[in-house]
1. Would you mind stating whether Phe218 is hydrophobic (A, V, I, L, M, F, W, C), touching a Pro at 6+ places or on another chain (Cβ under 6 Å) and under 16 Å from Leu187 (Cα atoms)?
2. With (1) over 24 Å from Leu125 (Cα atoms); (2) in contact (Cβ under 8 Å) with a residue 24 or more places away in the chain; (3) assigned to a loop (DSSP other than H, G, I, E, B) as the list, and Val174 as the residue in question, which single condition is left unmet?
3. Going through region 239-270 one residue at a time, which ones are open to solvent by less than 20 Å² (accessible area, probe 1.4 Å), in contact with a Ser or Thr (Cβ under 7 Å, 6 or more places away or on another chain) and farther than 11 Å from Gln138 by Cβ?
4. Tell me which residues, restricted to region 141-156, are out of contact with any Gly (no Cβ under 9 Å at 6 or more places or on another chain) and either open to solvent by less than 50 Å² (accessible area, probe 1.4 Å) or of a type in the set (A, V, I, L, M) (or both).
5. Being open to solvent by 50 Å² or more (accessible area, probe 1.4 Å) and part of a helix (DSSP H, G or I), is that true of even one residue in region 195-207?
6. Where residues in region 215-225 are open to solvent by 40 Å² or more (accessible area, probe 1.4 Å) and not aliphatic (A, V, I, L, M), which of them is nearest to Thr142 (Cα to Cα)?
7. Which members of region 14-40 meet the condition of being open to solvent by 60 Å² or more (accessible area, probe 1.4 Å), among the small types (Gly, Ala, Ser), part of a loop (DSSP other than H, G, I, E, B) and at pLDDT 55 or above?
8. Give Leu187, Leu236, Leu228, Leu212 a once-over and let me know the one that is in contact with a His (Cβ under 9 Å, 6 or more places away or on another chain), open to solvent by 20 Å² or more (accessible area, probe 1.4 Å) and at pLDDT 95 or above.
Amino acid sequence: MDETRRRRPAFGRGTAPGGSAASRPAEQRWGLADAAAGFVAAQVLSLLVGAAVLGLLVVRGMPMGAGVAAALDGHGRNLSATLTVAGLALLQVPLWATEVGTVWWAGQVRGTGVRKDFGFVVRPLDVVVGLVAGAATQLVVTVGYGIVEQLTGWSASDQTARQIAAKGDGWVGVMALLVLFAGVAPLVEELFYRGLVQRSLERRFAPGWALLIAAFAFAAIHLEPVLLPGLFVAGLVFGAFAQRTGRLGPAIFAHVGFNASTILVMALTR
């Protein structure tokens with residue numbers, strides 16, 4: 001049995017997989033405070049850089065204050081839809097860099113290493129299992145949205161996601177989107193949300209509650225109300241992989257499969 005295997009999620013009382021303060025290594029001084037600080041720093045930097053990018057590439061001469069206001073009231077999301085893939089990548093740099101930096105700081109400076117503390121291990125089987133599970137999760141979510149739409153008439157179409165997919169003009173554009181949102185994004189987000197955030201939560205709550213909270217935080221931070229239920233389900237799948245195996249490998253590739261199937265379907269059907 002895998003030495004890093006963690007026990008199944010539970011919603012009752014009991015020691016979380018991270019262990020009690022008395023049982024875990026004294027060198028592991030990271031926790032929810034580190035995750036919260038990294039999250040806030042990432043959002044602030046992303047907001048400031050986003051405002052600057054919008055002013056530079058979209059609305060020439062837009063003052064920084066106006067750019068921040070546009071981003072805060074949602075107008076910036078509409079403006080960012082006019083950016084190229086390179087512009088979108090530039091918007092993500094401060095967010096992803098800060099999240100990765102936070103995980104590195106927590107593991108390498110305040111812990112015993114990112115690999116050991118957060119399960120940053122990938123095995124060959126993780127690739128196959130993860131990709132299949134991610135694509136299957138996307139299929140289940142899509143079917144679920146379709147059923148809801150048929151029963152209620154509520155449209156689950158997300159305009160922002162389709163605008164991003166539309167940037168994949170030709171196979172070069174599609175590949176660029178895949179690298180950005182099905183390559184870099186899953187790696188960064190799994191390190192942060194299933195690595196640092198979920199494992200920090202497991203120190204305070206039972207594993208099942210930690211799984212739910214981390215999945216909801218992951219879904220909510222995308223700021224897409226239409227996508228929130230589907231992202232929450234995906235977060236549960238990714239988090240369950242991380243808890244059951246003790247590794248981030250399966251979660252990372254499930255996330256890759258989930259995002260890649262979305263981009264490919266939207267790019268091919270637009």
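The values are calculated or read from the model by the stated rules, or taken from the named source; none is laboratory data. Not measured: the values here are computed from a predicted model. Every residue, glycine among them, receives a Cβ derived from its backbone with ideal geometry; neighbour counts consider all protein chains shown. Just so you know, the surface numbers come from the protein's heavy atoms only, side chains and all, with ligands and any DNA or RNA stripped out. Shrake-Rupley method; radii C 1.70, N 1.55, O 1.52, S 1.80 Å.
1. Judged against the criteria, Phe218 is not a match.
2. (3)
3. Selection gives Gly246 alone.
4. Val143, Gly146, Ile147, Val148, Leu151
5. No - not one qualifying residue is present in region 195-207.
6. Only one residue fits best here, namely Pro225.
7. Within region 14-40, just Ala26 meets the criteria.
8. None of the others qualify; the one that does is Leu187.
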